[in-house]
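Values quoted throughout were computed directly from the atomic coordinates according to the rules given, and no laboratory measurement underlies them. Model, not experiment: these values are computed from the prediction. FYI the Cβ positions are ideal-geometry reconstructions off the backbone, even for glycines, and counts take in every protein chain you see.
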Amino acid sequence: MTYVKLWGTRGSVAAPGAETARYGGNTACVEVRHSDGTLLILDAGTGIRRLGSTLGSSVRRVDVLLSHLHMDHIQGLGFFEPLHNPDVEVHLWGPMSTTQNLWSRLARYLSPPLFPVYLRDLPWLHVHDVGVGEFEIGPFRVTSALVCHPGATLGFRIATTGGAMAYLPDHEPALGLRGPFLAGAWTSGFGLAAGVDLLIHDGQYTDQEYASCVGWGHSSMRQALEFARLAEVGRLVLFHHNPAHTDQQLDQLIHMELAQTRLRFPVMGGMENATLDLASSFSLSRT
Amino acid sequence: MMSPKCIEVVLTRLLAGYLATPILVVDPAGTLVFFNEPAEMLLGKRFDETGEMPASAWSTIFSPTDSHGAPLPADELPLMAALAERRPAHRAFWIRGMDGKQRYIEVMVTPLIGLEDRNLGALASVWETQP
């Protein structure tokens, strides 16, 4: 069995406050945990701080998969407790670039004046440059591919015997289109998402908002629904919420989108602390 | 079902869709995976009608010949040279479009090389010109 817990669902910048408490104000962070104890963490937004404080001493290895290095996906890294504990084997996996390696690019943030600790002071870290391909972490087979978002950005497909999920937190597959999506083969991210049991996908904007943010690397909720339909996913979690959207607005927007779109699969707005069973329909709980 | 195209090729196609310059996109095997509307005018058929074309098909279907009328073998076409040698390539030559018309064209090809030195194919821009 594999469960998926959302620790941060907000996009762009943390948005704490009473008006965002239900969907949550922390930026991107998702826990994927297999029943054998293998722990993957998808992105290190501000949500990873709280996740790190709950892990307990039994966890000996953590694998953090970074989709890309925009601040809302790495800002929590420096505050992730296991990073500072040499007894925990922490592996950071993130997109390679054509110039510097991942270590060097992360060190731009994890060094003064932006952060008081140097990355080089954490020599027990394992940092892996990830390209396009597949690799295994415990029972998980991870497939990575570059997707449509400014700068080198990875999407991940994570498969295990209990099911498969895709994680596309920052993704603009509709960029440049003048109509519906092209065939799957010509759609960014399709190969990762096709047929998965669970898709976690960028749904930052309303269609109206998207019109003035084309090329910023994100999707409208409608586009996320259409992408999920094209990929024939089992379930969709809308993710990377606009920091300007309150809980009440998100409820209304998601309700309106679903009312206008006939879908064969369940959809939910990603809420901080929601826990999902990868293999079954939305067995949503919040802890 | 077609295999998913990598993002670099997807974005190249989208860019080509906005350009008035005739553009052809081939994959690493030389398969013509897309050409835009301005290129349709030169090739004499719509992409919708042809779909993808393997190199063995497109390298002969357009009957490429040099300025003296001698047939050009596939490996002397700039697209194939760019793919094989991973370098920009340029050449002017005659083709016969699928509408039966002879055209003299100049072709400039840029190989598409991605992260990890992955060979992703090539992008050809094409002009009709005078011999």
Open item on the list: Looking only at chain A, where both bridge partners belong to it, what percent of the DSSP beta bridges are antiparallel (to the nearest 5)?
Closed with: 55 percent
TODO: Mind putting a number on the dipole of region A:2-286 about its Cα centre? Charges go on the C-beta only, +1 for Lys and Arg and -1 for Asp and Glu, and I need it in Debye to the nearest 20.
DONE: 80 debye
TODO: Give me the angle, in degrees from 0 to 90, between the Cα long axis of helix B:7-18 and the longest principal axis of the Cα atoms of chain B, rounded to the nearest 10.
DONE: 50 degrees
Task: Cα→Cβ-extended label distance, 7 Å offset, between B:E49 and A:F115, nm - done: 5.8 nm
Task: Point-to-point label distance, A:R61-A:E134, nm (Cα→Cβ direction, 7 Å offset) - done: 1.9 nm
Task: Additional length obtainable on full extension of the chain from A:W216 to A:S97, 0.36 nm per residue less Cα span - done: 40.9 nm
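Starting from the Cα-Cα distance between A:T54 and A:A107, subtract it from 0.36 nm times their residue separation and give me the gain in nm to one decimal. Can you show the working numbers first?
Values: separation 53, 0.36 × 53 = 19.08 nm, distance 2.58 nm.
So the extension gain works out to 16.5 nm.
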Open item on the list: Let's test the formula: R0 of 25 Å, r as the Cβ-Cβ distance of B:D99 and A:A183. What FRET efficiency results, to the nearest 0.05?
Closed with: 0.45
Open item on the list: Among A:G163, A:G203, A:M221, whose Cα projects farthest towards the positive end of the dipole of region A:160-287, with charges put on the beta-carbon of Lys, Arg (+1) and Asp, Glu (-1)?
Closed with: A:G163
- [ ] Take the Cβ-Cβ distance between A:N273 and A:A18 as r, set R0 to 25 Å, and report the resulting FRET efficiency rounded to the nearest 0.05.
- [x] 0.95
Open item on the list: Over chain A, with a Gaussian network built from C-alpha contacts below 10 Å, which listed residue (A:L168, A:L122, A:L236) shows the highest mean-square fluctuation?
Closed with: A:L122
Open item on the list: Can you order the peptides A:185-196, A:82-93 by their average number of other Cβ atoms within 10 Å per residue, highest first?
Closed with: A:185-196, A:82-93
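Taking K and R as +1 and D and E as -1, what net charge do the other residues with C-beta under 15 Å from the C-beta of B:E49 add up to?
-3
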- [ ] For an R0 of 30 angstrom, estimate the FRET efficiency from the Cβ-Cβ distance between A:H126 and B:T21 and round to the nearest 0.05.
- [x] 0.05
Task: Charge-dipole axis of region B:7-128 as Lys and Arg at +1 and Asp and Glu at -1 on Cβ define it, positive-most pick from B:I7, B:L77, B:G51 - done: B:L77
TODO: Note down the relative contact order for chain A as a percent, whole number, built from C-alpha pairs under 8 angstrom at least six residues apart.
DONE: 19 percent
- [ ] Within region A:177-219, which residues have the backbone N less than 18 Å from the label spot 7 Å out from A:A244 along Cα→beta-carbon, could you tell me?
- [x] A:203-219
Task: Space enclosed by the convex hull of the alpha-carbon atoms of the protein assembly as shown, per residue, Å³ - done: 152 Å³
Task: region B:7-128, dipole about Cα centre (Lys/Arg Cβ +1, Asp/Glu Cβ -1), debye to the nearest 20 - done: 180 debye
- [ ] Pull out a ≥ b ≥ c, the square roots of the eigenvalues of the alpha-carbon gyration tensor of region B:7-128, then state rounded if a/c is under 1.5, prolate if not and a/b is larger than b/c, and oblate in the remaining case.
- [x] oblate
Open item on the list: How shielded is B:6-14 by partner chains, expressed as the average number of their Cβ atoms within 10 Å of its Cβ atoms?
Closed with: 6
Task: Tensor-based shape of region A:45-164 (alpha-carbon gyration tensor, a/c under 1.5 rounded, otherwise prolate or oblate) - done: oblate
